[in-house]
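What follows is a short report on a single structure.
The values are calculated or read from the model by the stated rules, or taken from the named source; none is laboratory data. None of these values were measured; they are calculated from a predicted model. All Cβ positions, glycine included, derive from the backbone under ideal geometry; neighbour counts span all protein chains shown.
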Amino acid sequence: MSNDIRVNTEVVRGFIVYSRIVGWLLVAVSLIVLLAWVSAVAPLQMFALPATSMRAGAALAGVLAGGALLLSHRWPWSSFLLSLLLTLLAGCELLEFASGAKVICLPDLGGLLPHWPNRPPGKMLELTAVAFTLLGLVGMAVASRQVIWLREACALAVIAITMASIAAFGLVLAGTAFNLPLRMPIVTASLLLLLTLAWMASVPSTGLTRIVVADSPGGAFARRLILPALLLPSLLTFLFEMVQAWLGVSEAQALSLAAVVTGGVVAAAILWVAYLLDRSERQRRTVLALRTDANTDGLTGLANRRAFDAGLAQALRENEDVALLILDLDHFKSFNDDFGHQAGDDALREAGRLLHAELRPGDLAARYGGEEFAVVLVRSDAERVAQVGRRILAAFHARQWPNRPVRVSIGAALAVSGEAPAGLISRADAALYRSKQEGRDRLTMAADAPAEAKAPPLGHA
Ligand SMILES: Nc1nc2c(ncn2[C@@H]2O[C@H](COP(=O)(O)OP(=O)(O)OP(=O)(O)O)[C@@H](O)[C@H]2O)c(=O)[nH]1
């Protein structure tokens, strides 16, 4: 996959900050739980109660995982090492569960610890061990900047495990007798979910997170809808269990209610997506209109001077055979004086239309200033320039002008290879001057470019 997506830098910054906060949070919570477990200090002991809190084994794993996340940017190899330790710690616990043999003796540290009657078990639960083993792999993959697919697969697996645990906890809260064979405490599950998302957020421009940080309508949708999509099912399940318990409705009735509300939620999500699409389309059009306005002459609708300068420079950069025509309406001052400024404006508009009509799609017609116009032709030679010039003169003649005939004088020049825009303009301008001198209403081709045409621009002739 190419890495050239445009990312929303603010979102990326936000993701990095989020991953730091979660790293610190996890280290802090894990340390408190660990301290509570090893010490016999009574007020602390409530933090070590395994019914809701993390177990000591999980807390130790949490310190490693949080530390690995915090180090991942500055010291990737230290982060790799912590993640490796985490995988070994959680992996050994898994091995113990699987084989029944003792590999790790964290719960057996009792002899060294202060006396605490009925100290809660320190060993993390099976599911927690699975999640931490996977998270260790995520951390190693992030630190080594390798095997993105493994990182993503492990992270998604941990998200699924933690979501299932949170949902199961919700059902228990709602009063439903629900016994998921493998569960982890709600605090551990929530922290692990936050941590997994933080690992993904810590490398925002790679893997699946690229979609979420993209500076595009797709990125904007994903940012807004991913979390609700993840959390809504659990929340709805929990709510329905509560409603069922409160209202005393049957399971079938609760299920129908759930179906109706889910339909409403999906419809609301669709409306939201439609609204976001519509808004982004409107923004795109506004930007386009602003860009067009910035390059268009308000009176004639042709390109303005700014667009002309850019267009000529680009044409000279990209093409060998560029020609420039500069056109100036004849005796326009007296036209204005005789018929008024308004009529003058109308004549300018009409001149713009005539020019536009005589050109090919790739050519550029611009209002150069006042009653002057400019035309840039690409893939052109002297013959084509003469042909276009003659056509323009003929079009001015053919037009039935409302007040009195408007005529135009033209000066044209063919660019020599590597010629700077100013040099070409200067030669076309000199040719235009000759057209005026020699009686107006005509086209004059500039003399060939002087040898120094390639030198930097010298200014207007
Ligand atoms: N109506 C109108 N007139 C304009 C506009 N811009 C420039 N002009 C007029 O165009 C006229 C240009 O006059 P000059 O540069 O003296 O030249 P000219 O009378 O066309 O004579 P030659 O170029 O020598 O044939 C001036 O009277 C300007 O006021 C515009 O946007 N609208």
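Values for this structure:
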| read-out | value |
| --- | --- |
| Pairs with Cβ under 7 Å, 6+ apart, first in segment 336-358 and under 17 Å from I410 (Cα atoms), second within 7 Å of the ligand (Cβ to nearest atom) | L348/L299; L348/E371; A351/L329 |
| From the options A56, A51, A28, residue that is crowded, with 22+ Cβ neighbours inside 10 Å and either modelled with pLDDT under 95 or touching an Asp or Glu at 6+ places or on another chain (Cβ under 7 Å) (or both) | A56 |
| Criterion: under 35 Å from the mean Cα position of the chain (by Cα) and either among the hydroxyl-bearing types (S, T, Y) or at pLDDT 85 or above (or both) - qualifying residue of A229, A269, A198, A222 | A198 |
| Filter pass, L299 being under 27 Å from A413 (Cβ atoms), in contact (Cβ under 8 Å) with a residue 12 or more places away in the chain, among the hydrophobic types (A, V, I, L, M, F, W, C) and assigned by TED's automatic domain parsing to the domain that holds V416 | no |
| Hits in segment 381-410 - residues which are touching a Ser or Thr at 6+ places or on another chain (Cβ under 7 Å) and of a type outside the set (A, V, I, L, M) | S409 |
| Subset of segment 416-433 [on the phi < 0 side of the Ramachandran plot and in contact with a Lys or Arg (Cβ under 9 Å, 6 or more places away or on another chain)] | V416, S417, E419, A420, G423 |
| Top-ranked residue in segment 302-347 [being of a type in the set (S, T, N, Q) and touching a helix residue (DSSP H, G or I) at 6+ places or on another chain (Cβ under 8 Å); ranked as nearest to the ligand (Cβ to nearest atom)] | N336 |
| Qualifying residue in segment 245-260 (condition: more than 21 Å from the chain's Cα centre (by Cα), aromatic (F, W, Y) and part of a helix (DSSP H, G or I)) | yes |
| Members of segment 354-372 found to be exposed (fewer than 14 other Cβ atoms within 10 Å of the Cβ) and away from the ligand (no atom under 14 Å from the Cβ), listed by number | A357, R360, P361, G362 |
| Breaking point among (1) without any contact (Cβ under 8 Å) to a residue 40 or more places away in the chain; (2) surrounded by 13 or more Cβ atoms within 10 Å (Cβ to Cβ), for G389 | (1) |
| Subset tally (residues that are within 13 Å of the ligand (Cβ to nearest atom) and of a type in the set (V, I, T)) for segment 404-428 | 3 |
| Condition met for L277 (at pLDDT below 95, aliphatic (A, V, I, L, M) and away from the ligand (no atom under 16 Å from the Cβ)) | yes |
| Candidate set from segment 189-210 (those that are part of a helix (DSSP H, G or I) and of a type in the set (G, A, S)); member that is surrounded by the fewest Cβ atoms within 10 Å (Cβ to Cβ) | S190 |
| Every pair of residues 6+ apart whose Cβ atoms lie under 6 Å, when the first sits in segment 280-295 and is within 16 Å of F221 (Cα to Cα) while the second is part of a helix (DSSP H, G or I) and among the aromatic types (F, W, Y) | none |
